[in-house]
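Notes for the one structure printed next.
The values are calculated or read from the model by the stated rules, or taken from the named source; none is laboratory data. Just so we're clear, the structure is a prediction, and the values are computed from it rather than from any experiment. Please note: Cβ atoms are built from the backbone with ideal geometry, for glycine as well, and neighbour counts cover all protein chains shown. Keep in mind that these areas ignore ligands, DNA and RNA; they rest on the heavy atoms of the full protein, side chains included. Shrake-Rupley method; radii C 1.70, N 1.55, O 1.52, S 1.80 Å.
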Amino acid sequence: MTDTLAEVEETVDAYLKRSYDAQRRHALTRCQGWDRTFLEEIADLGWFALAVPDEADGLGLPLSAVGAAMMSLGRHLVPGPLPERLLLPALLLRHLDGGGSDRSDLPGAVVALVDPAAHGSWSVDGGHVRGEPAGPAGSMLPVRFAREADLLLVVAESAEGTAVHLLSSRGPGVDVEPVESADPTARLARVTFAEPAGAGTAPVLTGSAAERFVTELRAWAQILAACELAGIAVGLVAETTAFVQVREQFGRPIGAFQAVKHTLADMYALASSLRNLCDVTLEDATSSSADELLMLAAVAKAYAADAAVRVCESAIQMHGGTGFTTETDLHLYYKRALALRAWYGDHEELTHRIGDNLLTGPQLAEPRSTS
Amino acid sequence: MTTMADPALAADLTQYRTQCRKWLAEARIPEVPLSLTERFRVLREWQHTLYEAGWIGIAWSREAGGQGLTHLHQLVFSEELARARAPQPIGLIGLDVVGPSIDRFGTLRQRTELLPRLLSGEDIWCQGFSEPEAGSDLSSLRTRAEIDGDDFVVSGQKVWTSWAHLASWCAMLVRTNLDAPKSRGISYLLVDMSSPGIVTRPLTQMTGDQEFCEVFLDRVRVPRENLVGELDGGWAIARHTLGTERAAYTLRRRVEYEVALQDAIDELSACPTRDADPRRGYRVRAAVGRSHVALRVLEAQTRKTIGRLAADTGPVPEDSVDKLLLNDIEQQVYGSIADLLGPLRATPAARPLGLDVARWAHDHLYSRAASIYGGSSQIQRNIIAERILGLPRD
Ligand SMILES: Cc1cc2nc3c(=O)[nH]c(=O)nc-3n(C[C@H](O)[C@H](O)[C@H](O)COP(=O)(O)OP(=O)(O)OC[C@H]3O[C@@H](n4cnc5c(N)ncnc54)[C@H](O)[C@@H]3O)c2cc1C
């Protein structure tokens, strides 16, 4: 990990250690991550500007900086549209014509992501967004923070190619219907495009520019999910290590029993190797080609999807009955990890795609979801 | 490969890599024969060839006959050697395990007389640590050495001693003090394997190879000048030996697994019937993908190891995380490939999916040893829990 990335991670971690405790976490999960005051607090700290280019008054750091921030946010389990705010404006501004100079609204906007590929091979059940000449059509379930967002970033694929739209979430033809969410950190909704969605507004990216953007978008979505999962895993190892030293049974701390020690050792090996993999991925991502980036991202997410969930499950087991309750925050970490697990592909789906790529050449891009 | 803090070193390593490649491209790389004695002879010659060309003992001191370069140079060569599909020299126990400890703790005479011969392959070394009653609990070892004039007189038994039947020297742990606590009564001796009173009996491994032995010692006389370090001070040296073994071994093995997976991918890619049955095609892709992910995890892990090697931290508890991951990943990779042999794994001459059954079935069996030797996976977990996480000791 480079010094800059380590610094970003430490800055975020230090602030959260100081100003974000279990009580705040509970308050934020009660409103499922939607709290404008909190978002303003974070915006004032400058985190959302980390990877926004200099020209748009950002800090101009590489996108890897967002990954470093996500590790700390995952460790403290901070709800809200944080990955969206950290990544989407920064990424869009890199791809829009003229550096997006006419989109000064972007850095401050909450952008919700409507990309059926997030569901991998489940997109048949969750999303049928397709590109039509007049604009995107179909619907997707779930979309994080669609109701609350200012803008929807819509990836619409068709036989003619990919188009990226940026639509007002309250504009004509866009129907957003909140649905119950089992992710304690996010509000969810179904987004339906009743034609003509976004009438009169042209896509912001088309053709090969859209393809390039979407490739990067998906890779970074995977990398950020892996980083958040790494944070979750590292956080739970620390928490569980502390717990087994104070909880006593048979007259001894349970951490003295070898079955417990070995479980903790395995959790440590999983969490620290996942963390190392994320560090290396962030380091390498900055200098890699599009094909390499796809592979790096898929590998990181594949490992994270498996390793972090295993760490969560061991943490629950090591806490005994308490681990099964809502008295500790373990269940929040676990539910978040489960929600992230299949987001842009779980380990089964991705290892399969990686294998295919190695056997038959680059095909890592999501299969086109033209239905 | 790595993000190197020092640009001069990075440039030097790049240049060194070019030299390695060039030499390996022109070298006559030997075929490895199946029979053990033939293999031993060929690989010993290969070690001599490598030694003459300056590729052995790369990170060793010059007095000891080494090249006086860094561990990173050694790593570069190991990587290139594996990528060239060239075999390892035969004397790895000497080169990676016991030699570095002798170089560090030995007397000037021991270092200058014994180490150049170790490097050149003239002397093959073995490591006599484990005993029938002292495996994981190594410090309970019982082989006795009593002082008699200018000699130690050694009696007892060693086991699992790799290459003992072919070795000319053994780095042996012996008990020299019965009154001191277990680990404070152990000394580190260099034993000439041709001494009277030594009998070796090879044991057959599940791979069919006879790489390790029982070693029986009956009143074997060992000159006192063959003591390494202090009398009763052998335990610290043994810990150094085990630690050195871990870091160097991890780095070398990682590249070997990568080369192995690439070979499997090459065999699988060339197989026209790979997708003839979609169920099997699915499994092939999953096995390759899973193995690749595992190897990337190992690569990320070893970048930290390289950092420690570059900073010369010596053995640390984090090495145990490397060892645990390494064992797991070796077993995962070879297990995944071997599963693709299907029912034909029982017929070594077959080539299901284009895979070489004899090779993959052998290497898969061999992978089962990984979590046993050099400190079992259970022992590594104990170390992680106690020394890294600070959980109570047993
Ligand atoms: C291929 C191979 C090559 C080898 N080469 C050499 C060599 O050249 N020189 C040499 O000296 N040795 C060598 N060894 C020996 C190796 O180091 C030992 O096998 C190893 O230390 C384990 O000892 P053991 O076999 O006596 O098993 P044991 O120590 O009896 O262990 C049996 C089982 O009990 C578990 N166990 C033991 N203690 C604990 C504990 N405290 N907590 C939890 N679980 C525990 C172990 O993990 C293992 O699963 C080699 C072994 C192999 C397999």
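Okay, here's what the table says:
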read-out: Test: B:Ala53 is among the small types (Gly, Ala, Ser) and more than 12 Å from B:Ser120 (Cβ to Cβ); value: no
read-out: Of residues in the range B:152-165 being touching a residue at least 60 places away in the same chain (Cβ under 8 Å) and open to solvent by 40 Å² or more (accessible area, probe 1.4 Å), the one farthest from the ligand (Cβ to nearest atom); value: B:Ser155
read-out: Candidate set from the range A:16-47 (those that are out of contact with any Pro (no Cβ under 6 Å at 6 or more places or on another chain) and hydroxyl-bearing (Ser, Thr, Tyr)); member that is nearest to A:Val110 (Cα to Cα); value: A:Thr37
read-out: Failed item, numbered, when B:Thr200 is tested on (1) within 15 Å of the ligand (Cβ to nearest atom); (2) part of a loop (DSSP other than H, G, I, E, B); value: (2)
read-out: One residue from B:Ala361, B:Ala349 being of a type in the set (A, V, I, L, M) and surrounded by fewer than 21 Cβ atoms within 10 Å (Cβ to Cβ); value: B:Ala349
read-out: B:Gln301 touching a Ser or Thr at 6+ places or on another chain (Cβ under 9 Å), over 30 Å from A:Asp356 (Cβ atoms) and open to solvent by less than 20 Å² (accessible area, probe 1.4 Å); value: no
read-out: The one condition in (1) buried (at least 21 other Cβ atoms within 10 Å of the Cβ); (2) within 11 Å of chain B (Cβ to nearest Cβ) that A:Arg252 fails to fulfil; value: (1)
read-out: Whichever residue in the range A:263-284 is open to solvent by less than 10 Å² (accessible area, probe 1.4 Å) and hydroxyl-bearing (Ser, Thr, Tyr) and, among such residues, is farthest from the other protein chains (Cβ to nearest Cβ); value: A:Thr281
read-out: Output for the range B:375-394, where each listed residue is within 9 Å of the ligand (Cβ to nearest atom) and either among the charged types (D, E, K, R) or touching an Asp or Glu at 6+ places or on another chain (Cβ under 6 Å) (or both); value: B:Arg381, B:Asp394
read-out: B:Leu389 being open to solvent by 20 Å² or more (accessible area, probe 1.4 Å) and farther than 15 Å from B:Gln331 by Cβ; value: yes
read-out: Matching residues in the range A:22-39 - criterion: being of a type in the set (A, V, I, L, M) and within 18 Å of the chain's Cα centre (by Cα); value: A:Leu28, A:Leu39
read-out: Answer from B:Leu189, B:Leu178, B:Leu118 - the residue that is more than 13 Å from the ligand (Cβ to nearest atom) and assigned to a helix (DSSP H, G or I); value: B:Leu118
read-out: Verdict on B:Val333 being crowded, with 23+ Cβ neighbours inside 10 Å and in the same structural domain as B:Arg274 (by TED's automatic domain parsing); value: yes
read-out: Candidates A:Leu166, A:Leu188, A:Leu217, filtered to the one that is within 23 Å of A:Leu73 (Cα to Cα) and either among the acidic types (Asp, Glu) or crowded, with 21+ Cβ neighbours inside 10 Å (or both); value: A:Leu217
read-out: Test: residue in the range B:365-375 that is of a type in the set (A, V, I, L, M, F, W, C), more than 25 Å from B:Arg239 (Cα to Cα) and in contact (Cβ under 8 Å) with a residue 12 or more places away in the chain; value: yes
read-out: Single match in A:Pro133, A:Pro116 (criterion: open to solvent by 20 Å² or more (accessible area, probe 1.4 Å), more than 16 Å from A:Val179 (Cβ to Cβ) and not assigned by TED's automatic domain parsing to the domain that holds A:Leu224); value: A:Pro133
read-out: Options A:Val244, A:Val309, A:Val299: the member that is more than 9 Å from every other protein chain (Cβ to nearest Cβ) and at negative phi; value: A:Val309
read-out: Every residue from the range B:136-150 that is open to solvent by 40 Å² or more (accessible area, probe 1.4 Å) and either free of Cβ contacts under 8 Å to residues at least 24 places away in the same chain or not hydrophobic (A, V, I, L, M, F, W, C) (or both); value: B:Ser136, B:Asp137, B:Arg142, B:Arg144, B:Glu146, B:Asp148, B:Gly149, B:Asp150
read-out: All positions within the range B:136-151 that are within 11 Å of the ligand (Cβ to nearest atom) and either charged (D, E, K, R) or within 14 Å of chain A (Cβ to nearest Cβ) (or both); value: B:Ser136, B:Asp137
read-out: Residue satisfying all of: in the range A:328-364; open to solvent by 60 Å² or more (accessible area, probe 1.4 Å) and at pLDDT below 95; farthest from the other protein chains (Cβ to nearest Cβ) among these; value: A:Pro362
read-out: Residue satisfying condition, being open to solvent by less than 20 Å² (accessible area, probe 1.4 Å), of a type outside the set (Ser, Thr, Tyr) and not in a helix (DSSP H, G or I), within set B:Ile102, B:Ile56; value: B:Ile56
read-out: Condition check for A:Val260: open to solvent by 10 Å² or more (accessible area, probe 1.4 Å), within 16 Å of the ligand (Cβ to nearest atom) and either of a type in the set (Ser, Thr, Tyr) or more than 19 Å from A:Ala308 (Cβ to Cβ) (or both); value: yes
